[in-house]
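Have a look at the structure below, then the notes.
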Amino acid sequence: MYNNTFLEQVFLTFVESFAKHRKDLSAIMLTPQQHLWLGSDESSTLERLSLIESNKFADHQQFRIAEYIDLPAPESEEIDIEGLAYADYYLWFVGSHSYKRKKPKSKYTDVKNIERLATVTSEANRYILGRIPLVNGELFSSCSHPDNPNEQLNAAKLELANQGNLLMTALANDPHLGFYIQAAIPGKDNGFDIEGLSIYQNRIFLGLRGPVLRGWAVILEIELENYHLGVMTLKPIDEQNKGYKKHFLWLNGLGIRDLCLDGEDVLILAGPTMDLDGPVQVYRWQGSLHSAENTLSYPELVQDVPYGNREDHAEGMTLFNDVAGKPSLLVVYDSPAKNRLIDDRTVIADVLELGK
């Protein structure tokens, strides 16, 4: 059932040192303890807010990912966190895995800016897909499983490789995605760009903002297994042992900005793959957990999401049912409009009704 119902707004308050990053929030996850975890596409840290009132999260605590997982580059270089998920006492996060093109800036001449448009770079920290044990609202490098003391939970990341990590190596010769990776096409040019993460049991779903192929968006499905302490490898999950599956979805030509598990459905936040404002919509991929590899799926449109003129770009969403008391989503925005910025440390997020 399609609907477009706005419920309320929620205030997110951060410490002063992080306040500038309230303008570039890109990932969000509400955990059962009603902690709100957030990531920025301009940092290498994870942020935790606590529910203070029904419409306010504050008491900001920051966690440096480098304290739990070895990063391939200095932590001053962004991970470009684009997705968060929580499963079995692990907080998972994923970087964009994308190339980036330098953008023009007003302080430079036209000649200099045109030179910048020809500069494409890759940053090693962007290729992190990792997990950190999360117990009672705290992150640990290693700890016992709360429900099984004989099981040890350990922080780990997908093994890195010359092309980024093992997933990028596996995809380099893929008939649909390999060209974009080998040609180093930047994410905002319809290049390879992960912006959504959702987990069901051992299955990890990665939503691609790009490339969109003749209007079809792509979700990758992978499973990981421990290789050695702190490092995971791809598990063969198909007949060719290539370590990944592909799902193709019709989202009216839009790419994927975030994923969120709702029961046995995957909710999809969809938006333009290129540098455009909208449209932005939420889709429900029914039966997604039973979808076969290499099938064409048509998720149901359930919600329009507001967007602005060069502002208010929805980047992250999480189920908000437990706080709102009804099926709903909490949505955060990159480049928020000025009226979303309250005092020097607070930004406003939206609660949207979620149709079934």
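The values are calculated or read from the model by the stated rules, or taken from the named source; none is laboratory data. Computed from a predicted model, the values in this text were never measured in an experiment. As a convention, Cβ positions derive from the backbone with ideal geometry for all residues, glycine included, and neighbour counts pool all protein chains shown.
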*Qualifying positions in the stretch 324-356 - surrounded by fewer than 20 Cβ atoms within 10 Å (Cβ to Cβ) and not in a strand (DSSP E or B)*: G325, K326, P327, S335, A337, K338, N339, D343, D344, R345, G355, K356
*Among the numbered conditions (1) touching a residue at least 60 places away in the same chain (Cβ under 8 Å); (2) over 16 Å from the mean Cα position of the chain (by Cα), tell me where E195 comes up short.*
(2)
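Are any residues in the stretch 11-37 small (G, A, S) and surrounded by fewer than 19 Cβ atoms within 10 Å (Cβ to Cβ), and if so, which ones?
S17, A19
This table checks each residue for (1) closer than 22 Å to E315 by Cβ; (2) at pLDDT below 95; (3) among the acidic types (D, E).
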site: G178; (1), (2), (3): no, no, no
site: A183; (1), (2), (3): no, no, no
site: K188; (1), (2), (3): yes, yes, no
site: L197; (1), (2), (3): yes, no, no
site: R209; (1), (2), (3): yes, no, no
site: W216; (1), (2), (3): yes, no, no
site: E223; (1), (2), (3): no, no, yes
site: L229; (1), (2), (3): no, yes, no
site: M232; (1), (2), (3): no, no, no
_Need the failing condition index for G207 against (1) buried (at least 20 other Cβ atoms within 10 Å of the Cβ); (2) free of Cβ contacts under 8 Å to residues at least 60 places away in the same chain; (3) over 14 Å from M274 (Cβ atoms), just the number._
(2)
*Mind checking which residues of the stretch 236-275 are of a type in the set (A, V, I, L, M, F, W, C), under 21 Å from L352 (Cβ atoms) and either without any contact (Cβ under 8 Å) to a residue 60 or more places away in the chain or crowded, with 23+ Cβ neighbours inside 10 Å (or both)?*
L249, L251, L254, I256, L259, C260, V266, L267, I268, L269, A270
*Checking G278 against (1) on the phi < 0 side of the Ramachandran plot; (2) surrounded by fewer than 17 Cβ atoms within 10 Å (Cβ to Cβ); (3) among the small types (G, A, S), the condition it does not meet*: (2)
*Taking Y68 and the conditions (1) among the hydroxyl-bearing types (S, T, Y); (2) in contact with an Asp or Glu (Cβ under 9 Å, 6 or more places away or on another chain); (3) surrounded by 16 or more Cβ atoms within 10 Å (Cβ to Cβ), which numbered condition does it fall short on, given that it satisfies the others?*
(2)
_Taking the condition of being touching a helix residue (DSSP H, G or I) at 6+ places or on another chain (Cβ under 7 Å) and among the aliphatic types (A, V, I, L, M), how many residues in the stretch 132-181 meet it?_
8
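Mind checking which residues of the stretch 74-93 are outside any strand (DSSP E or B) and in contact with a Leu (Cβ under 7 Å, 6 or more places away or on another chain)? Steps first, answer last, please.
The first filter runs over the stretch 74-93 and keeps only residues outside any strand (DSSP E or B), leaving 74-80, 88-89.
Matches in the stretch 74-93: Y89 only.
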*Could you identify the single residue in L25, L71 that is among the aliphatic types (A, V, I, L, M) and part of a strand (DSSP E or B)?*
L25
*Only one of these is aliphatic (A, V, I, L, M) and surrounded by 18 or more Cβ atoms within 10 Å (Cβ to Cβ): V94, V135, V120. Name it.*
V94
*Considering the stretch 168-221 alone, what residues qualify as being small (G, A, S), touching an Asp or Glu at 6+ places or on another chain (Cβ under 6 Å) and outside any strand (DSSP E or B)?*
G187
*Identify, from the list V323, V282, the residue that is at pLDDT below 95 and within 26 Å of L36 (Cα to Cα).*
V323
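Name the residues in the stretch 30-50 that are in contact with a Ser or Thr (Cβ under 8 Å, 6 or more places away or on another chain), polar (S, T, N, Q) and in a loop (DSSP other than H, G, I, E, B), would you?
Within the stretch 30-50, Q34, S44 qualify.
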_For the stretch 143-173: of the residues being free of Cβ contacts under 8 Å to residues at least 24 places away in the same chain and surrounded by 14 or more Cβ atoms within 10 Å (Cβ to Cβ), which is farthest from Y90 (Cα to Cα)?_
A172
*asked:* Can you pull out every residue in the stretch 227-270 that is touching a Phe, Trp or Tyr at 6+ places or on another chain (Cβ under 8 Å), within 26 Å of A155 (Cα to Cα) and not in a loop (DSSP other than H, G, I, E, B)?
replied: T233, L234, L259, L261, V266
*Filtered residue count, the stretch 148-163, keeping only those that are under 17 Å from V231 (Cβ atoms) and part of a strand (DSSP E or B)*: 8
*Being without any contact (Cβ under 8 Å) to a residue 40 or more places away in the chain and aromatic (F, W, Y), is that true of even one residue in the stretch 318-341?*
no
